[in-house]
1. Is it the case that G36 is of a type outside the set (V, I, T), more than 10 Å from the chain's Cα centre (by Cα), at pLDDT 95 or above and in a helix (DSSP H, G or I)?
2. Condition (residue is farther than 17 Å from E63 by Cα, in contact with a helix residue (DSSP H, G or I) (Cβ under 8 Å, 6 or more places away or on another chain) and either surrounded by 13 or more Cβ atoms within 10 Å (Cβ to Cβ) or not aliphatic (A, V, I, L, M) (or both)) applied to segment 1-18: is it met by at least one residue?
3. Looking at (1) within 15 Å of K5 (Cβ to Cβ); (2) part of a helix (DSSP H, G or I), can you tell me which one E27 breaks?
4. State all residues of segment 20-32 that are more than 17 Å from R43 (Cα to Cα) and either in contact (Cβ under 8 Å) with a residue 12 or more places away in the chain or loosely packed, with under 14 Cβ neighbours inside 10 Å (or both); if no residue qualifies, say none.
5. What number of residues within segment 39-49 are buried (at least 17 other Cβ atoms within 10 Å of the Cβ), out of contact with any Lys or Arg (no Cβ under 8 Å at 6 or more places or on another chain) and assigned to a helix (DSSP H, G or I)?
Amino acid sequence: MGTNKWGKRIKAFRKLKGYTQIQFADELGVSVSHLGDIERGKRAPTQANLKEIADRLHISIEELQPNIDNEHDGKSNSQY
């Protein structure tokens, strides 16, 4: 699964929950540059990272997981 897709989901949920990147990195115990690299898709999140991120955001890893149904172009196939 694309690293960038995980990063986009993490960033979207982080913002939805009201965290700045600095606040969330502090919550996770990682540097801002580490979190930024994950959100930009430059670094793949580990399974431990994903569990900690999901726990801190009060969501499941399944909710955090990118939608693989439309992975080829990132768009919905629905036209209606």
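1. Working: of a type outside the set (V, I, T): yes; more than 10 Å from the chain's Cα centre (by Cα): yes; at pLDDT 95 or above: yes; in a helix (DSSP H, G or I): yes.
Here the answer is yes, as G36 does meet what is asked.
2. No, segment 1-18 has no match at all.
3. Only one criterion is unmet by E27, namely (1).
4. Of all residues in segment 20-32, those more than 17 Å from R43 (Cα to Cα) come to 20, 22-23, 26-27.
Residues satisfying the conditions are T20, I22, Q23, E27.
5. 1
The values are calculated or read from the model by the stated rules, or taken from the named source; none is laboratory data. Computed from a predicted structure; not experimentally measured. Note that each Cβ is placed from the backbone with ideal geometry, even for glycine, and that neighbours are counted across all protein chains shown.
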